[in-house]
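A.B. asks: Dropping the structure in here first, questions after.
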Amino acid sequence: MKAAVFHAPGDVRIEQISEPGQPGPGELLIQVAKAALCGTDSAEWDHGPLLAQPPVVLGHEFTGTVVAAGPETAGFPTGTKVVSGAGISCGTCEWCAAGRTNLCASYQTLGLHRDGGLAELVLSPASICRPVPEGLGDVAAAMAQPLAVALHAARRGRTGPGRSCAVIGAGGIGAFIVAAAAALGANPVIAVDIADGRLETAAALGAALTVNAERQDPVAAVREATGQQGAHVVIEASGAPASPAAALAMARQGGDVVMVGLQPRPVAVDLFSVSTREVDVHGTLAHVCGEDLGEAVTLLATTPLAAAVLGGVISLDELIEGGLRPLAERKAHGKIIVDIPVSAR
Ligand SMILES: [Zn+2]
Ligand SMILES: [Zn+2]
């Protein structure tokens with residue numbers, strides 16, 4: 001079958017590899033229809049391996065059809081259209097027992113540690129799959145995993161009704177976070193970015209206020225929009241070195257700050273202010289399938305989110321020049337979806 005295999009930095013090959021084989025207990029063999037790309041894929045290709053264990057088939061955001069179901073996969077008969085989550089957890093460790101399956105002691109991610117969905121076929125546990133409802137197209141369904149990641153990040157900051165939420169960085173995962181915050185009832189949602197195009201998308205996704213940080217002081221703008229108190233929740237999704245300090249400064253006394261953007265090196269922040277204003281700072285990783293994936297599917301089926309964030313659809317052969325390179329060079333606009341060919345099996 002055809003697959004995108006990550007071998008080494010700068011070396012992702014579209015090549016023929018052997019099929020995954022028949023599904024074991026609890027597993028589904030999925031014929032992939034569409035896969036979405038994200039910054040993780042391009043970072044692995046550009047300067048990995050970071051988390052990936054090459055050689056591995058990339059792709060952790062995908063949708064397709066069950067073509068074979070192993071034992072103990074009730075609810076997922078052959079022919080079922082599914083989205084898959086990305087993380088596989090053991091179900092028995094301390095973190096799994098507490099429902100924090102994304103922190104599982106033996107967590108593995110499809111497309112990084114195990115062969116993923118940028119291939120014609122992929123094996124995935126039924127426990128991390130959800131059926132695709134009637135009427136939800138493949139392009140939108142392929143965005144369920146990143147939307148689940150966004151919902152998890154927003155929940156980490158206790159985003160909800162009656163609470164304002166500022167999102168720094170409205171491209172990539174940030175666009176999904178704006179939509180997630182709005183869906184969870186935050187009001188107002190304030191999007192901060194340096195690109196007007198991304199801010200327009202954020203407005204379409206539910207941001208009541210957009211702030212271009214190159215033209216306006218974002219901390220002052222957020223304070224002004226929140227009665228000079230700062231936002232209840234600030235979600236830092238840009239990864240820019242100056243943004244953690246700005247995020248803390250934007251947060252209200254007693255507020256929550258979620259660090260989504262990955263900082264490549266330590267940055268200075270004002271911890272005196274964190275202590276004395278009781279600001280809670282949260283990390284966030286991936287998503288919790290049981291809480292986030294089904295809700296993501298429902299949101300995609302009931303809102304125009306997918307159309308608002310879609311950048312374009314490319315073929316598997318265009319993966320590098322049409323997907324990984326523009327993402328690595330930060331030139332991609334919107335979510336890039338890869339169409340996976342259906343071979344004559
Ligand atoms: Zn991703
Ligand atoms: Zn576990």
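A.B. asks: Mind checking which residues of the range 8-26 are assigned to a strand (DSSP E or B) and either surrounded by fewer than 22 Cβ atoms within 10 Å (Cβ to Cβ) or touching an Asp or Glu at 6+ places or on another chain (Cβ under 7 Å) (or both)?
C.D. replies: Ala8, Asp11, Arg13, Ile14, Glu15, Gln16
A.B. asks: Go through Val67, Val83, Val5 for me and flag whichever is surrounded by fewer than 22 Cβ atoms within 10 Å (Cβ to Cβ), among the aliphatic types (A, V, I, L, M) and farther than 17 Å from Ser315 by Cβ.
C.D. replies: Val67
A.B. asks: Quick one: in the range 35-55, which of the residues that are within 17 Å of Val338 (Cα to Cα) and in a loop (DSSP other than H, G, I, E, B) is nearest to ligand 1 (Cβ to nearest atom)?
C.D. replies: Cys38
A.B. asks: Same structure, new question: Within the range 78-109, count every residue that is away from ligand 2 (no atom under 16 Å from the Cβ) and touching a residue at least 24 places away in the same chain (Cβ under 8 Å).
C.D. replies: Here the count works out to 5.
A.B. asks: Then there's this: Look at the range 264-291 and say how many of its residues are assigned to a helix (DSSP H, G or I), buried (at least 16 other Cβ atoms within 10 Å of the Cβ) and among the β-branched types (Val, Ile, Thr).
C.D. replies: 0
A.B. asks: Taking interchain pairs and intrachain pairs at least six residues apart, which have beta carbon atoms under 6 angstrom, with the first residue in the range 223-247 and more than 15 Å from Arg277 (Cα to Cα) and the second among the polar types (S, T, N, Q) and assigned to a helix (DSSP H, G or I)?
C.D. replies: Sorted first by the residue in the range 223-247, then by its partner, the pairs are Glu236/Ser243.
A.B. asks: Identify, from the list Gly255, Gly294, Gly261, the residue that is part of a strand (DSSP E or B) and within 21 Å of Ala180 (Cβ to Cβ).
C.D. replies: Only one candidate qualifies: Gly255.
A.B. asks: So, Ile17, is that one over 26 Å from Val309 (Cβ atoms), more than 16 Å from ligand 2 (Cβ to nearest atom), in contact (Cβ under 8 Å) with a residue 60 or more places away in the chain and of a type in the set (Val, Ile, Thr) or not?
C.D. replies: Considered against the rule, which asks whether it is over 26 Å from Val309 (Cβ atoms), more than 16 Å from ligand 2 (Cβ to nearest atom), in contact (Cβ under 8 Å) with a residue 60 or more places away in the chain and of a type in the set (Val, Ile, Thr), Ile17 comes out as yes.
A.B. asks: Also, I was wondering about something else. Quickly run through the range 78-96 and pick out the residues that are closer than 19 Å to Val132 by Cα and within 16 Å of ligand 1 (Cβ to nearest atom).
C.D. replies: Across the range 78-96, the qualifying residues are Val83, Ser84, Gly85, Ala86, Gly87.
A.B. asks: Okay, next question. Being closer than 14 Å to Leu110 by Cα, of a type in the set (Val, Ile, Thr) and away from ligand 1 (no atom under 16 Å from the Cβ) is the filter here, so list the residues in the range 2-34 that pass it.
C.D. replies: The answer is Val5, Ile30.
A.B. asks: Please determine whether any residue of the range 176-186 is of a type in the set (Phe, Trp, Tyr) and touching a Leu at 6+ places or on another chain (Cβ under 7 Å).
C.D. replies: Yes - at least one qualifying residue is present in the range 176-186.
The numbers here are math on the coordinates, done by the rules we state, and not lab data. Because the structure is predicted, anything quoted here is derived from the model rather than measured. Here Cβ is always computed from backbone atoms with ideal geometry, including for glycine, and neighbour counts include all displayed protein chains.
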